[in-house]
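The values are calculated or read from the model by the stated rules, or taken from the named source; none is laboratory data. What you see is a predicted model; the values in this text were computed from it and never measured. Note that we place each Cβ from the backbone using ideal geometry, even for glycine, and neighbour counts take in every protein chain shown. Remember, those area values only see protein heavy atoms, side chains included, never the ligands or the DNA or RNA. Shrake-Rupley method; radii C 1.70, N 1.55, O 1.52, S 1.80 Å.
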Amino acid sequence: MSTNPIAERIFQFLKKHPPYDKLTEEDLEKLCKSSSLIHYSDGDVIFKAGDPIQPHVFVVFKGLVHLKWPNSQEVFDSAEPGDTFGIRAAFSGNPYVLTAETAKESLVLTLDLIFFRHLLNSNARFSSFFASGLASGTIPQNHHWDNLHKGNTDAADEGSTLDEILKNHRTPVVSRSDDLLPSIAQLMIDNNVGSVVIIDENQRPKGIVTDKDIRRIVAKKFDPTALKASDVMSSPVITISNKLLWSDAYIKMAEHGIRHLVLTADGTDQTSVMAVLSEHDLLRRNSAQMLSVLKKLKTAQEIAALAATRQEAEKRISNLLNNDLPIEKITILANRVNDLTVQRAISLAINDLREDLEYPLSDNWCWLALGSYGRQEQIIRTDQDNALIFTGSDHFRKLFLKLANQVNTYLAECGYEKCPAEVMASNPKWCLTVEEWKKTFSHWIHEPDPKAVMHTTIFFDFRPVFGNDTLASDLARYISSEIDTNKKFLTYLAANALASPPAFNFFKSLAVEDSGEHKGMFDLKAKALAPYADCARLFAIYHKIWGVTDTVSRYQSVATLEPHYTDLLRDAAKAYQWLTKIRVKNALANGRGGRWLPKDFLSPLERQILKKALMPLQELKSIAETRFQTHFVQ
């Protein structure tokens, strides 16, 4: 082995790789001057597990280094150019726990350990990179994931808190539940407000009456003089803490489809009213223009207007993403956009077909969202996955197929392409009565061939969007009871989750495509997002969690039931959110739904995070393999 320190060359190399790009030029120059560049042949051991710590930290300059478990050839992790290793020992001062061995001829930088530790103590951004588990041979800790995946909540004016509304905001107008409606209306007129909060004797909010509530009473020709506030108020009220952000407020307003939020001391209805935040307050801010888009989606009078507004919504979602609004908030908004679009498309279709449908449709049916939309994870528009459940005779089937065909056509005009596999409500296979759906699911559960299991991964994520949602909840209960009669079904479901292609190759590098149209790209859907979603679904069904469909909430729900795996499951939820954000950004930049990730799309830091984000998945698969005994499935 030969030593050849080249400080300037090392300086130019390190400043391109995190976290060395966070150092001042002065500190980086000092670090480089104390470094050496060492040549290793293929198969050379740099250090062994159990060896005392060396006086330096290592960075791969060229080549590949494997980090292996002691007394084993199993590779735990690999270090590529720009990756730092030996960091765990640098933190603890204890002997190495892994063996570092070159997998090919390599050049490795050695950085002075004493000065490196000085940088860890003096530079928070530098040390947080390593503390988060981003160096090779380390694992991200749960409490650091928030820093890795969170967005910039200070972008635009999204990050300002609701505290500022209290500075110049008027005292909230309040009343009691037994006050008559005329006195409530007079309060609105006298104070020039559009709402009155109904409080109890402790000033806690019990309900809210709006000018819209009063107009509705008058339109229905009720006698307002005979009605009390308790007769018309909306209850319980939706509350929010003044310590939250403006973006939190309009997301909550959009999520619940309401026009007023009540600010309280702790954000619940158990403390006194501090202020009322209206839709108008938000619409005066540029950041809340999304609310006006949601209003237009709800009120579009023709499909062309709905399609145009849906396109406008996509642009606004893209802007929020570019401004680094946290992905969990973007997901809530995107799901609200999707639901309003589908609901309005159904309403327009019913109106356009009112003569053909012969009479208004009753409440004997429900439109179901499936797949990623059913999981409330469809941030960018993809192809449709939907179904319809109803009760009644074949006469209704004809009506609903006609309606479904119109809805699927309208949704295609709004940018949701028709499903190539025809998993849509307009397909007679997926427009079924309650009993037919029960038979279908029962067949899949009791005869779980590969095609049946594939169908369950789509249909088990169903969610009611329009119509009588009790039909959907009743079906979920039936499915749960059927699985209880054939526990082996979970083994097949687990085997399907484990059948996803590996995310890492033999050398623990990302397994990219080695040929074809997507050569050199990483399949983010098949190797990361889909298996994460499959594992979440599997564990949720195992624990009979049917009221939750999104992947993050499934992991969080399971975490409360499996305390010994809490950290792993929460890591999985955070990793999934981060992977989702990368897919959406990739889709907006490169199209193709964001599935195929070019290697140069990610920054060096993001490439490190991607590798770490996939680690919980390996452990989840191992747990599933053991718990559900998938080795019995041929």
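Miscellaneous remarks
- Residues of the stretch 371-407 that are surrounded by fewer than 23 Cβ atoms within 10 Å (Cβ to Cβ) and either among the aliphatic types (A, V, I, L, M) or without any contact (Cβ under 8 Å) to a residue 12 or more places away in the chain (or both): 380, 393, 394, 395, 398, 399, 401.
- Counting only residues that are under 12 Å from residue 535 (Cα atoms) and open to solvent by 20 Å² or more (accessible area, probe 1.4 Å), the stretch 597-622 holds 4 of them.
- When residues in the stretch 84-95 are screened for being touching a strand residue (DSSP E or B) at 6+ places or on another chain (Cβ under 7 Å) and open to solvent by 10 Å² or more (accessible area, probe 1.4 Å), 1 of them pass.
- For residue 516: the one exception among (1) in contact (Cβ under 8 Å) with a residue 24 or more places away in the chain; (2) over 20 Å from the mean Cα position of the chain (by Cα): (1)
- For the stretch 347-367, a residue qualifies if it is crowded, with 21+ Cβ neighbours inside 10 Å and assigned to a helix (DSSP H, G or I), and exactly one does: 349.
- Every residue from the stretch 174-197 that is in contact (Cβ under 8 Å) with a residue 24 or more places away in the chain, in a loop (DSSP other than H, G, I, E, B) and open to solvent by 80 Å² or more (accessible area, probe 1.4 Å): 178
- Taking the numbered list (1) touching a helix residue (DSSP H, G or I) at 6+ places or on another chain (Cβ under 8 Å); (2) at positive phi; (3) not acidic (Asp, Glu) in turn, residue 221 passes all entries but (1).
- Taking helices (runs of 4 or more DSSP H) as the structural unit, those lying wholly within the stretch 439-523 and holding at least 2 residues that are touching an Asp or Glu at 6+ places or on another chain (Cβ under 8 Å) and within 30 Å of residue 363 (Cβ to Cβ) correspond to 450-459.
- Among the residues listed as 575, 536, the single one being assigned to a helix (DSSP H, G or I), modelled with pLDDT of 90 or more and in contact with a His (Cβ under 9 Å, 6 or more places away or on another chain): 575
- In the stretch 550-560 there is at least one residue that is out of contact with any Cys (no Cβ under 7 Å at 6 or more places or on another chain), open to solvent by less than 20 Å² (accessible area, probe 1.4 Å), assigned to a helix (DSSP H, G or I) and over 24 Å from residue 325 (Cα atoms).
- Restricting the stretch 232-247 to residues that are surrounded by fewer than 16 Cβ atoms within 10 Å (Cβ to Cβ) and of a type outside the set (Gly, Ala, Ser), the residue that is farthest from the chain's Cα centre (by Cα): 236
- The residue that is surrounded by the fewest Cβ atoms within 10 Å (Cβ to Cβ), among those in the stretch 248-258 that are in contact (Cβ under 8 Å) with a residue 60 or more places away in the chain and not small (Gly, Ala, Ser), is 255.
- Any hit, the stretch 408-419, residues being more than 30 Å from the chain's Cα centre (by Cα) and either open to solvent by less than 20 Å² (accessible area, probe 1.4 Å) or free of Cβ contacts under 8 Å to residues at least 60 places away in the same chain (or both): no
- Any chance residue 70 is under 20 Å from residue 34 (Cα atoms), touching a strand residue (DSSP E or B) at 6+ places or on another chain (Cβ under 8 Å), part of a loop (DSSP other than H, G, I, E, B) and not assigned by the TED database to the domain that holds residue 506: no
- Summed over the stretch 297-353, the residues that are of a type in the set (A, V, I, L, M, F, W, C) and within 20 Å of residue 583 (Cβ to Cβ) give a count of 11.
- Candidate set: the stretch 5-42, residues that are of a type in the set (A, V, I, L, M) and open to solvent by less than 50 Å² (accessible area, probe 1.4 Å); chosen: the one farthest from residue 124 (Cα to Cα): 38
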